[in-house]
Amino acid sequence: MTKTCLVCNAAIDPFMSFGQMPQANGFLLPDDFQDEYLYDLQIGLCDQCGMVQLTERVEPDRLFHENYAYFSSISTRMEAHFEDFAADVMARYVPKGNPFIVELGSNDGILLRHFSQAGVRHLGIEPSANVAQVAVEKGVNTRCAFFEETVARDIVVEYGQADVVMATNVMCHIPDLDSAVQAIRLVLKPDGVVIFEDPYLGNILEKTAYDQIYDEHVFYFSLTSVQHLFRKHGYELVDVAPQNVHGGSMRYTIAAQGQRAVSQAVTEQLAWEGGEGLTCRETFDAFRRRVEHSRDALVKLLQRLARRRARVVGYGATSKSTTVTNYCGITPDVVEFVSDTTRGKQGKFTPGAHLPVRPYADFSANYPDYALLFAWNHADEIMAKEKEFRDAGGKWIIYVPEVTIL
Ligand code: TYD
Ligand code: ZN
C-alpha cells in the first residue's frame with residue numbers, strides 16, 4: 001500500500017523498518033502478554049516537503065489516556081529546563097496588561113506552574129487524565145482534551161485569543177498536524193507567537209539516536225519541514241534555539257508572516273540543514289546502515305557479557321528503550337531487569353521485550369556489573385549521582401552515539 005505524507009499528501013517510500021513493535025509506553029503485566037498490541041514501525045522522508053515521519057501509526061487515544069505512564073516532572077534537570085523556558089517566554093513574549101497563554105499537552109504542569117505562580121492567565125490542554133490531575137493539584141488550569149478545532153473555538157469563547165501558544169514534546173505526537181496548526185491559528189492572536197520544542201532531526205542523525213523513533217513520535221522535525229508546514233498557514237519561523245534535553249531538541253518560535261524580524265539563527269540553521277542533506281534520501285540510507293551497525297554491536301556486547309555471566313541491569317524504563325530492546329531482541333536472560341523511579345512502571349514489564357521493571361532500590365541495594373543506560377539523555381545527571389556504583393566497580397553501557405563501555 002502506498003504511504004502518503006501527513007502534511008502534503010505526497011507518496012512516501014519508507015527508508016527503514018524496525019519490524020513489529022509494541023507501544024513504547026505500554027508497560028504491562030504477564031496476563032496481557034498474549035494480547036499485546038503490535039504495529040509495524042517504519043519511517044520515511046517526504047521528498048516534497050521534507051517531513052520525516054512514521055508511515056504506520058497507532059491511534060492517539062490508544063497512547064494518551066487516563067493511565068499515561070509518562071510524567072514530565074521526573075528529574076531536576078527537566079524541572080530546571082522548564083523553569084528557564086518559562087522565564088524566557090515571560091521576558092520576551094508575554095505582553096503587559098492581561099495576557100493569556102495556552103499550552104498543548106501540558107502533562108503534569110511542569111511548565112505552566114511557573115505562569116500560574118506569576119499570576120498569568122493560562123490554560124493547559126492535556127488528553128491524559130492522570131497527568132492532567134497532577135497539574136490541577138499544582139494550581140495549573142487544565143482541560144482534559146485532545147487539542148482540535150472545536151476545543152480551540154471553545155477556548156476563544158471562554159478566554160479570548162492567546163498571546164502565546166506553547167508545546168513541548170507534543171507537536172511531534174499529533175498525526176493530524178495540519179489541523180492542529182489550523183486550530184492554533186484560531187486560538188492565537190494575530191500578533192501572537194507559537195513556541196514549541198521537540199527532538200531535532202539533526203541530532204537524531206548526528207548521534208544515530210534511532211531510539212527516538214517510536215509510536216508517539218509521529219514526526220522528526222527539521223527547520224525545513226517545520227517552515228514548510230507553517231507557511232501553508234501564513235506563518236514563518238522567526239527564531240530557533242537548540243536545547244540540550246531529550247538527547248537534542250530544537251525550540252521553534254513562529255509568528256504570522258512579516259509580523260516579526262527573522263533571527264540570524266534561523267538563516268544559519270537552515271543553511272546547516274542544506275549542507276547536511278536533511279532532505280536527501282541518501283542521508284537516511286546512510287543513517288539506516290549506522291543503525292544496523294549499532295544494533296549489531298550492542299547485541300554482540302550483551303551476548304559476550306551473558307556468556308561471562310556478568311549481571312546487566314537497564315537504567316530507566318524509557319519510552320525510547322522500547323525500540324532498542326525490541327529491535328535488538330534484548331531478553332531477560334541478558335538484561336536482568338530495568339530500574340525505574342516511576343511508581344506506575346514498577347512491578348510491570350517493558351513492552352514487547354518483557355523485561356521486569358523494578359524500583360530503584362533494587363539497583364542500589366545490589367549493584368550489577370553493568371548498567372545499560374536506557375535514559376542516556378539524562379547521562380550527566382545520572383552519572384553524577386551514581387558515583388557509588390562506579391566506585392563499587394560498576395560500568396555503564398551506552399549506545400548513543402556509539403556502543404561504548406564507560
Ligand atoms: P525520559 O528520559 O523522559 O525518556 P522517554 O521520553 O524516552 O520516556 O524518561 C526517563 C525515564 O527514566 C523515566 O521513566 C524515569 C527514569 N529515570 C530513572 O529511573 N532515574 C533517573 O535518575 C532518571 C533521570 C530517570
Ligand atoms: Zn510532505
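The values are calculated or read from the model by the stated rules, or taken from the named source; none is laboratory data. Since the model is a prediction, treat every value here as computed from it, not as a measurement. Here the Cβ is made from the backbone with ideal geometry for all residues, glycine too, and neighbour counts use every protein chain on show. Only protein heavy atoms, including side chains, enter the accessible area calculation; ligands, DNA and RNA are left aside. Shrake-Rupley method; radii C 1.70, N 1.55, O 1.52, S 1.80 Å.
Output the number of the condition that GLY44 fails; it satisfies all remaining conditions of (1) away from ligand 2 (no atom under 16 Å from the Cβ); (2) touching a Pro at 6+ places or on another chain (Cβ under 7 Å).
Looking at each condition in turn, GLY44 falls short on (1).
Within 16 Å of ligand 2 (Cβ to nearest atom), touching a Pro at 6+ places or on another chain (Cβ under 8 Å) and open to solvent by less than 70 Å² (accessible area, probe 1.4 Å), is that true of VAL218?
It is true that VAL218 is within 16 Å of ligand 2 (Cβ to nearest atom), touching a Pro at 6+ places or on another chain (Cβ under 8 Å) and open to solvent by less than 70 Å² (accessible area, probe 1.4 Å).
What's the total number of residues in the stretch 13-25 that are at pLDDT below 95 and either open to solvent by less than 70 Å² (accessible area, probe 1.4 Å) or more than 16 Å from ligand 2 (Cβ to nearest atom) (or both)? Working first, answer last.
So the first thing to find is which residues in the stretch 13-25 are at pLDDT below 95, and the list is 13, 25.
This time we only want the ones that are either open to solvent by less than 70 Å² (accessible area, probe 1.4 Å) or more than 16 Å from ligand 2 (Cβ to nearest atom) (or both), so: 25.
Selection size over the stretch 13-25: 1.
Taking into account only those residues within the stretch 47-75 that are open to solvent by 50 Å² or more (accessible area, probe 1.4 Å) and of a type in the set (S, T, N, Q), which is farthest from ligand 1 (Cβ to nearest atom)?
Initial filter on the stretch 47-75 (open to solvent by 50 Å² or more (accessible area, probe 1.4 Å)): 47-48, 56-57, 59, 61-62, 65-67, 70-71, 74.
Next, only the ones that are of a type in the set (S, T, N, Q) stay: 48, 67.
Numbers: GLN48: 30, ASN67: 14 Å.
Of everything passing the filter in the stretch 47-75, GLN48 is farthest from ligand 1 (Cβ to nearest atom).
Tell me the residue from VAL102, VAL131, VAL136, VAL89 that is β-branched (Val, Ile, Thr), away from ligand 1 (no atom under 16 Å from the Cβ), surrounded by 20 or more Cβ atoms within 10 Å (Cβ to Cβ) and in a helix (DSSP H, G or I), please.
From the options VAL102, VAL131, VAL136, VAL89, the qualifying one is VAL89.
In the list ASN203, ASN130, ASN141, which residue meets the criterion of being closer than 30 Å to ALA10 by Cα, touching a residue at least 24 places away in the same chain (Cβ under 8 Å) and assigned by TED's automatic domain parsing to the domain that holds LEU111?
Numbers: ASN130 fails: closer than 30 Å to ALA10 by Cα; ASN141 fails: closer than 30 Å to ALA10 by Cα.
Only one candidate qualifies: ASN203.
Return yes or no: is ALA317 within 25 Å of ILE382 (Cβ to Cβ), touching an Asp or Glu at 6+ places or on another chain (Cβ under 6 Å), surrounded by fewer than 15 Cβ atoms within 10 Å (Cβ to Cβ) and touching a residue at least 40 places away in the same chain (Cβ under 8 Å)?
no
Residues in the stretch 242-253: is at least one open to solvent by 70 Å² or more (accessible area, probe 1.4 Å) and among the small types (Gly, Ala, Ser)?
So the first thing to find is which residues in the stretch 242-253 are open to solvent by 70 Å² or more (accessible area, probe 1.4 Å), and the list is 242, 244.
Okay, now just the ones that are also among the small types (Gly, Ala, Ser), so none.
Looking for residues that are open to solvent by 70 Å² or more (accessible area, probe 1.4 Å) and among the small types (Gly, Ala, Ser), one finds none in the stretch 242-253, hence no.
Working only within the stretch 222-249, note down all residues that are part of a strand (DSSP E or B), out of contact with any Lys or Arg (no Cβ under 8 Å at 6 or more places or on another chain) and within 16 Å of ligand 1 (Cβ to nearest atom).
Hit for the stretch 222-249 is SER249, nothing else.
Before we move on, is GLU336 more than 30 Å from LEU188 (Cβ to Cβ), open to solvent by 30 Å² or more (accessible area, probe 1.4 Å) and away from ligand 1 (no atom under 16 Å from the Cβ)?
So GLU336 does not fit the description; no.
For the stretch 26-46, give me the residue count where each residue is away from ligand 1 (no atom under 16 Å from the Cβ), of a type outside the set (S, T, N, Q) and open to solvent by 20 Å² or more (accessible area, probe 1.4 Å).
Looking only at that region, the number is 10.
Just one of THR318, THR279 is within 22 Å of ASP198 (Cβ to Cβ), within 16 Å of ligand 2 (Cβ to nearest atom) and assigned to a loop (DSSP other than H, G, I, E, B); which is it?
One residue alone meets the criteria, THR279.
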